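Below: one structure, written as structure tokens.
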Amino acid sequence: MATSRQKETDRAKLLTRRAVLLAGGKLALFSTLIGRLYYLQVLESDRYTMLAEDNRINLRLVPPQRGLIVDRNGEQVATNQQNYRVVIVSEQTRDLEATLNRLGTLIPVSERDRRRVLREARRKRGFVPVMIRENLSWEEVARVEINAPDLPGIGIEVGLSRHYPHGTASAHVLGYVAAVSEAELTGDPLLELPEFKIGKNGVEKTYDLTLRGTAGTSQVEVNALGRVIRELAREEGQMGRPVTLTLDMGLQRFVMNRLGEESASVVVMDVHSGAILALASNPSFDPNQFSKGLSAKDWEELLSNPRAPLTNKVIAGQYAPGSTFKVCVALAALESGLIAPTYRHTCYGHIEVGDLRLHCWKHKGGHGTLDLYQAIARSCDVYFYEVARRIGLERIAQTARRLGLGTPSGIDLPGERPGLIPSREWKLAVVGQPWQLTETLMLGMGQSYILTTPLQLTVMAARIANGGFMVKPHLARDLAVSDRISERSGQRAQARQQAQPESLGFSPAHLAVVQQGMNMVSNEPGGTAFSSRIKDKAMALAGKTGSVQVRRITMAERLAGLRKQEDLPWHERDHALFISYAPVDRPRFACTVVVEHGIGGSRSAAPIAHDVLIEAQKLAPPRSRQIAEAPPSRG
Amino acid sequence: MALQLDSLNQQQLTFGRKLWRINWSLLVLLGATASVGFAMLYSAANASFEPWASKQIMRFGFGIVMLISVALVDIRVWMRLAYVIYGVALVLLIAVDIAGVIGMGAQRWIALGPLQLQPSEIMKIALVLALARYFHSLSIEEVGNPIYLIAPLIMVLLPVYLVVIQPDLGTAVLILLGSGAIFFVAGVRIWKFIVVTGAGIAAIPVGWQFLREYQKNRVLTFLNPERDPLGAGYHILQSKIALGSGGVVGKGFLQGTQSHLSFLPERQTDFIFTMLAEELGMVGGLILLGLYTLLLVYGYAMSLGSRSQFGRLLGMGVTTTFFLYVFINIAMVMGLIPVVGVPLPLISYGGTAMLSILFAFGLLMCVHVHRDVRIGRRGLDNEG
């Protein structure tokens, strides 16, 4: 009994000893916990506090409003319009499809939109609104709002979308905005916002950074799923700066109307400042459809239209200048000193070069004996074959370059093409054959290899008209304000002064000869554009016609008798060109008209220039000009 | 002889005397600790008693009644029933494993009418009872003899195996460590523990092969939390951020951003300590640890105050298991050990856990109520 009790006591003692040991272990482990708590909550607290804030606070960008674009008279040509969108928050509706069906009875919802909404709603989190349709009419908005109780999860959101009040009339100047493509991402987080749009063409593209503005930020508290709990702070962004154009929307509209169905381009430019007053490429497209989203069918149609509505022909259409180039050849001849204005040459309707016979456009009988003035006025090919033969390719090409041909004019529009002034080296390198004498002769009437854009022809006309000064076309009214806003005003004023027009170094007397020739084109009987003369002397225009073959006339055809142009299919007819300026005595505006397949410059291009130049002078009476047309300053 | 008389009187306690001997202050302490849990559940539901706090309060109330009932049952009855309970728990464990095989997936629950029963929870208590009874019957010499250790080892390893294949690694570790503690206080030689621990470490590479992919991930993520910050490591990283950002005094009750903005996973169950430390800071964390320490002190006092080896072992087993729950849970949310699904006792939301903890405390209280009852080696009254 005693031993048993003794044993029991021993057992209890052993257990107590072990229990104390165990308690020590437990105490050690609890101390570890306390140490860890101290480490996390005291030593590392700052770091974790920051991480918790990072978790909780989400910085979101608030896209800025895009800057407005106005014309020279302050008329808005690109604005931001409220755009009503109907959206659905899938977690707020029990049956997504049923709700969509009910919505479909109120406003049209296409099957494609329906499928897209169902797909997006599955992919996105339940509280993220999915856009069903945008650009709702006011009536549709009202219909949805009235039925709101029956449409759980459906809501109306207001956004801003770009609107072009003049639609097709301004499309090629303004371009359009669209969603950012992968290649356009620059790392600017603003570009990654799903609904953000940037300028894709035209002025919208050139001045995108000016128009874009700066993004605001919104600090929101989010939970682990990304749901916004509340907004903590908000910093409004800054709306994009406005861009003022030199364009006269009234004139632009007039030009577009005047062109009607023609596939044509028209430019009106201030000969002193280079300010573009009208820049029209017809047919055009409606940029508003681009912001609303274009249907695949409409897009196909735009792409397959043979009159290329998406191409801005003024800057990207390259044509042989034809007889309009004779003003350049004449100037080159005078500058060379080899030809005097009184130089006379007799036209029998053709000229022989080796075995080849080159024809004048007036191949029956010819023009008879002409001096330089008359040769320009009547556009005698034979006279200019002879002039070109005498002065040679190099002099012609050099003068053409000085007049602004063969290189991009530098207008503030994307997609301008350079044209082409051929040279011996160029032909050997590209065509692989040496330059031929006949080609020099053909160049005398603007036809071999040479390519120009309507805008370059306008620059050429302006440089002749303004007395031989460098002039560069531009669309933004005051580049100093738009582009150089950050610079101090003193520098800006200085930049303005430096922008005195630079002389091209032509002799004023020689320019006067060419001007007189161009005057006779439209103001003397026998001139090729006499029928398009402006009868009001104060507004009179001077110009030069041109027609360009788009197909080669074979000898057999010539012998068989030429088919009438009207009998040819549209795409085989000659292009019609006309360069001009007005008024004759104090030139202000240069105007180029190119009518694709318009048969003849005097026939279809000159009448348009006639109307356009009258309108331009009516819209901008001479007195106000001096102030408005300060030449642009740029560095 | 007075002692003899006194103990004789203890053999047959009246119901009234038993009630008198219940330590009501322990109940108050349990209530205080559980109340911390109620407050946190109220906060977890964004200042609402629904859906967690109200249910938890009801369960606690029910659990306290159960605790008292368990305490009033004669300790010798528990001893006599020990093996039976163990056997039933074992059968239930096998049953869920079979159901799991049939159901093609992890299965830890048995549906008993409206009640969801987790056999591994029952096993934790059953094993403590069974081991206490077994070691109660061994003399010091017998405990020193390895042959006598074979039976209890089988008693431990059988349920451990069944739990591991469920697979529930956390519970398996908990059972192993809890049983080890009973072996330890029962007097098994310390060198034997060293040998077993050494063998266990040597077996880790082998055991690694048997782990499921997600279990391997948890361990790997624990060893290198940056390995997968958005996947497996996300929970523990968010938990550490919550703890750390709480600072010394916390963000304030109901103000935990990590918890309330759902960055913290399972804030009402396994990660509730994190939420407490985020909202109430290190001060709150230390207060809770203080409450737990007090409970452990009560457990030690009650265990060591028993006159029977069974009572002492049972008390120590219950106390140690309780300690292990607390330590493993808190160490896990602090990123000290890999993520294992162990709730924080008395605080985490969950019916089975709350009831089994209070049942265990009922046994502890039973040891206390019957502290002067002597039990013979074979479980017969006053045999010695």
>> Out of B:S25, B:S43, B:S35, I need the residue that is part of a helix (DSSP H, G or I) and farther than 20 Å from B:F322 by Cα. Which one?
In response: B:S43
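Criterion first (touching a residue at least 60 places away in the same chain (Cβ under 8 Å) and in contact with a Pro (Cβ under 6 Å, 6 or more places away or on another chain)) does B:Y298 satisfy it?
So B:Y298 fails the test.
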> In the list A:R66, A:R94, A:R102, which residue meets the criterion of being away from chain B (no Cβ under 14 Å), over 30 Å from A:A171 (Cα atoms) and part of a loop (DSSP other than H, G, I, E, B)?
Replying inline: A:R94
> Using beta carbons and a limit of 7 Å, which pairs, at least six apart or on different chains, have the first residue in the stretch B:30-43 and over 16 Å from B:T274 (Cβ atoms) and the second one among the β-branched types (V, I, T) and part of a helix (DSSP H, G or I)?
Replying inline: B:F38/B:I57
> Tally time: how many residues in the stretch A:394-408 are buried (at least 23 other Cβ atoms within 10 Å of the Cβ) and not in a helix (DSSP H, G or I)?
Replying inline: 3
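For (1) within 30 Å of A:L247 (Cα to Cα); (2) modelled with pLDDT under 90; (3) surrounded by 15 or more Cβ atoms within 10 Å (Cβ to Cβ), each residue gets a yes or a no:
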| residue | (1), (2), (3) |
| --- | --- |
| A:L40 | no, no, yes |
| A:D54 | no, yes, no |
| A:I57 | no, yes, no |
| A:R66 | yes, no, yes |
| A:V89 | no, yes, yes |
| A:R112 | no, yes, no |
| A:R116 | no, yes, no |
| A:E120 | no, yes, yes |
| A:R123 | no, yes, no |
>> Suppose we keep only residues that are assigned to a loop (DSSP other than H, G, I, E, B) and touching a helix residue (DSSP H, G or I) at 6+ places or on another chain (Cβ under 7 Å) within the stretch A:213-269. Which one would you say is farthest from A:A308 (Cα to Cα)?
In response: A:A215
> Among the numbered criteria (1) assigned to a loop (DSSP other than H, G, I, E, B); (2) surrounded by fewer than 24 Cβ atoms within 10 Å (Cβ to Cβ), which single criterion is violated by B:S356?
Replying inline: (1)
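Would you mind stating whether B:L29 is hydrophobic (A, V, I, L, M, F, W, C), modelled with pLDDT under 95 and in contact with a helix residue (DSSP H, G or I) (Cβ under 9 Å, 6 or more places away or on another chain)?
In short, no.
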>> Looking at B:G281, B:G350, B:G315 in this structure, which one is in contact with a Ser or Thr (Cβ under 7 Å, 6 or more places away or on another chain) and on the phi > 0 side of the Ramachandran plot?
In response: B:G350
>> Just the residues that are among the aromatic types (F, W, Y), at the interface with chain A (Cβ under 10 Å from one of its Cβ atoms) and crowded, with 24+ Cβ neighbours inside 10 Å, please, taken from the stretch B:306-342.
In response: B:F323
> Within the stretch A:39-59, can you find the residues that are within 23 Å of B:L336 (Cα to Cα), part of a helix (DSSP H, G or I) and within 7 Å of another protein chain (Cβ to nearest Cβ)?
Replying inline: A:L40, A:Q41, A:V42, A:S45, A:R47, A:Y48, A:T49, A:L51, A:A52, A:N55
>> Quick check on B:F271: is it at the interface with another protein chain (Cβ under 10 Å from one of its Cβ atoms), surrounded by 24 or more Cβ atoms within 10 Å (Cβ to Cβ) and aromatic (F, W, Y)?
In response: no
> What number goes with the only condition from (1) at pLDDT below 80; (2) in contact with an Asp or Glu (Cβ under 6 Å, 6 or more places away or on another chain) that A:G226 does not pass?
Replying inline: (2)
> Which of (1) within 11 Å of chain A (Cβ to nearest Cβ); (2) within 30 Å of A:Y48 (Cβ to Cβ) is the odd one out, the single condition B:S303 does not satisfy?
Replying inline: (2)
>> Condition first: closer than 20 Å to B:F327 by Cβ and part of a helix (DSSP H, G or I). Now tell me which residues in the stretch B:247-277 satisfy that.
In response: B:I272, B:F273, B:T274, B:M275, B:L276, B:A277
>> Tell me which helices (runs of 4 or more DSSP H) are completely within the stretch A:276-371 and hold 3 or more residues being farther than 23 Å from A:E439 by Cα and not assigned by TED's automatic domain parsing to the domain that holds A:R463, or say none if there are none.
In response: A:296-304
>> I need the full set of residues from the stretch A:105-132 which are β-branched (V, I, T) and in a helix (DSSP H, G or I), in order please.
In response: A:T105, A:V117
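Of the residues A:L22, A:L14, A:L27, which is facing chain B (nearest Cβ under 9 Å) and exposed (fewer than 14 other Cβ atoms within 10 Å of the Cβ)?
Values: A:L22 fails: exposed (fewer than 14 other Cβ atoms within 10 Å of the Cβ); A:L14 fails: exposed (fewer than 14 other Cβ atoms within 10 Å of the Cβ).
Selected residue: A:L27, the only one of A:L22, A:L14, A:L27 that is facing chain B (nearest Cβ under 9 Å) and exposed (fewer than 14 other Cβ atoms within 10 Å of the Cβ).
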>> Go through the stretch A:580-614 and report how many residues are under 18 Å from A:L279 (Cβ atoms) and not in a loop (DSSP other than H, G, I, E, B).
In response: 16
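Might you let me know whether the stretch A:419-440 holds any residue that is assigned by TED's automatic domain parsing to the domain that holds A:V267, under 27 Å from A:S522 (Cα atoms) and not in a helix (DSSP H, G or I)?
no
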> Can you tell me which residues in the stretch B:162-182 are within 11 Å of chain A (Cβ to nearest Cβ) and crowded, with 21+ Cβ neighbours inside 10 Å?
Replying inline: B:A181, B:I182
>> Being modelled with pLDDT of 95 or more, among the aliphatic types (A, V, I, L, M) and part of a helix (DSSP H, G or I) is the requirement here; does B:L127 meet it?
In response: yes
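The values are calculated or read from the model by the stated rules, or taken from the named source; none is laboratory data. It should be emphasised that the depicted structure is a prediction, and the values quoted were computed from it without experimental measurement. Positions of Cβ are generated from backbone atoms using ideal geometry, with glycine treated the same way; all protein chains shown enter the neighbour counts.
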